[in-house]
Each structure stands twice: as C-alpha cells, then as structure tokens.
Amino acid sequence: MDKVAFSLKVSSRAGAWRVVVNDVPLFLTPEGTAGTVTLPVAQWLVAGENVLSVEPCAAVGPKVARDGIDARLFAHRPADTATDYGTIAHVAFTPDASPPWQSPPAPPYARAVPAPMETIGEAAARQRVALDLTPPPRFEWMTAPRMAEAPGLRNEIVAAYDAIWRLLAARDLAGLRQVFRERQHMLRLALDVATDEAPDDRGLSDLFSEGWTAAPFDPENGEMEFGADRRLVRLRRWDGLPLLYLERGDLGEYLDLWLRRDGTAWKVV
C-alpha cells in the first residue's frame, strides 16, 4: 500500500443530521433531504485520537432525525474512493433496528484502532479511534490559538465574512483565490493532488461562469459557532446551515467558511 487518502461518506434517508469530525461539523443534512455524499476528510484528521459523531440538527431536534443516517470514515487510494482500504470509524442510526444506534461491521483499516461506539442519550452517538498517521499531518489550524468569548470578536468575524462576501458579489476570482489559498492547499493535500491546478474551493469559477450570484449578506441572522476545540470559528444560520449563499434562479449553493486567527488577520480553512 502506497499513499492513502481519507474520506467521509454520509448517507441519509430524510432526517436532519449533523456529522462532526474532531469537533468540526463537516456535513448537515437539511430536513426533508436524502441521498449520499462523499467528502475528503484528511485535512481534519490528527495523529492519535479522532472522534466521529452524529447528532440531530439542534434547530429541529431528534423528532425529525428518525429517518436514519449512516456516517463512515474510511481509507482509500488517492483519487479513487472505490479502492477501499477499510473503515476507520462508523456510526449509524437505523430506526427499525434495536438498538437503533450501531457501529456496522466492516473491514477495518489496519492503522486504526476504534473504541466501542458511545451513545449520547437517545439522540446522538460517537466513536473514538486511535489513528496512526506517519508522518503526522501538519495543518495551520491545528496550532491556531484558541478563542474565548470577548467583546468585539463577533464584529471581527462579521467584518471578515463581509470582506469575502464583497469579493463574491464582485465575482473577483483573483481575490477569492487569495482568500482561499490555505483552504485550497488543505484540499490539495487531502486529495493528494500535487499540482497548482487543483480545483478552487467549491468550483467557484464554474459557478460564476454558470451565472451564479452572491445572495445578500445578512450578518444579523448569523450565529457564531466554534469548532476544533475553539481554534476555528464560523457564522451560521439559525438552522445550522452556512450563512453565505450563492443563487441562480430557484437554485442555491451554500458556502461554509471556517476561520482561524492569524495574528490580527483571519484565514479561511
């Protein structure tokens, strides 16, 4: 086995769930949606203990989350998720099973040692796993300073978001690529794409060429949320969805932005 990549595969029936890796919410299934998505996740994994957790979206509570969810962390060949090297962690909720929370059996990844799945009351579950990553990953967010509630912090975050929204509204791709530089680098490493021609974040150039525009920025409806043991922060809507939104007619595309502090500046990760 040569290089290894890691992905998160989430399948939901129609509930409203949050899937969190190492205290960073990576996926939210809005109420009434169903389907399967696979996301690169290597940029959020650490050498040592990692935690995969699944919980109902706080905005709607567990009552609409009873349609089922399956979240699996797995190792695979870079750029080839079909070449499956084994499961790292796996948490699922199956309404017709007893007990409904389970960690489905699957071929394990040899360098991962998962602990038994833990249920958190009736509404959530998590699995901790010791992961041998050699060499250990080095991403800037891992050593970013932890943030505490402080006067003016929200205003700083709103200002950082507003600056990014203005680039979106102006369709300034050069400015956006500079803003997303660190995030793009993280994606390149996660996808093992060894070239500067890696896709820009969420395919912004494609979205703009297809006629997408930035929806109005409404910071008053943004709630501040911390992640990664308070090393990261973002603004989100009341229902947990990202605050920034691109639209084209009746279609929409959310843009999730996590920020870390870098001196007096904010970096997108």
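General observations
- Placing one equal scatterer on every Cα of segment 90-155 and applying the Debye formula, the log10 ratio I(q)/I(0) at q = 0.22, 0.23, 0.24, 0.29 Å⁻¹ is -0.95, -0.99, -1.03, -1.24.
- For the chain, built as a Gaussian network whose Cα springs stay under 10 Å, the top-fluctuating residue of Ser11, Ser103, Ser209: Ser209
- With distances taken between every two different alpha-carbon atoms, the chain has a Kirkwood hydrodynamic radius of 19.5 Å.
- Stokes-Einstein D for segment 217-269, Kirkwood Rh over Cα pairs, 20 °C, 1.002 mPa s (µm²/s): 178 µm²/s
- Semi-axis lengths, largest first, of the ellipsoid equivalent to segment 124-188 are 29, 20, 12 Å, with √(5λ) applied to each eigenvalue of the Cα gyration tensor.
- Counting only the Cα atoms, segment 1-160 fills a convex hull of 148 Å³ per residue.
- Carbon + sulfur, % of accessible area of the chain - ligands and nucleic acids excluded, 1.4 Å: 52 percent
- Solvent-accessible area per residue, Å², over the chain with all protein chains present [probe radius 1.4 Å]: 49 Å²
- Each Lys and Arg adds +1 at its Cβ and each Asp and Glu adds -1 at its Cβ; summed about the Cα centre, the chain shows a dipole of about 500 debye.
The values are calculated or read from the model by the stated rules, or taken from the named source; none is laboratory data. Small disclaimer: the values here were computed from a predicted structure and weren't measured. Counting neighbours? That spans all protein chains shown, and the Cβs are built from the backbone with ideal geometry, glycine included. For the accessible areas, the whole protein counts, side chains as well, though only heavy atoms, and no ligand, DNA or RNA atoms are used. Shrake-Rupley method; radii C 1.70, N 1.55, O 1.52, S 1.80 Å.
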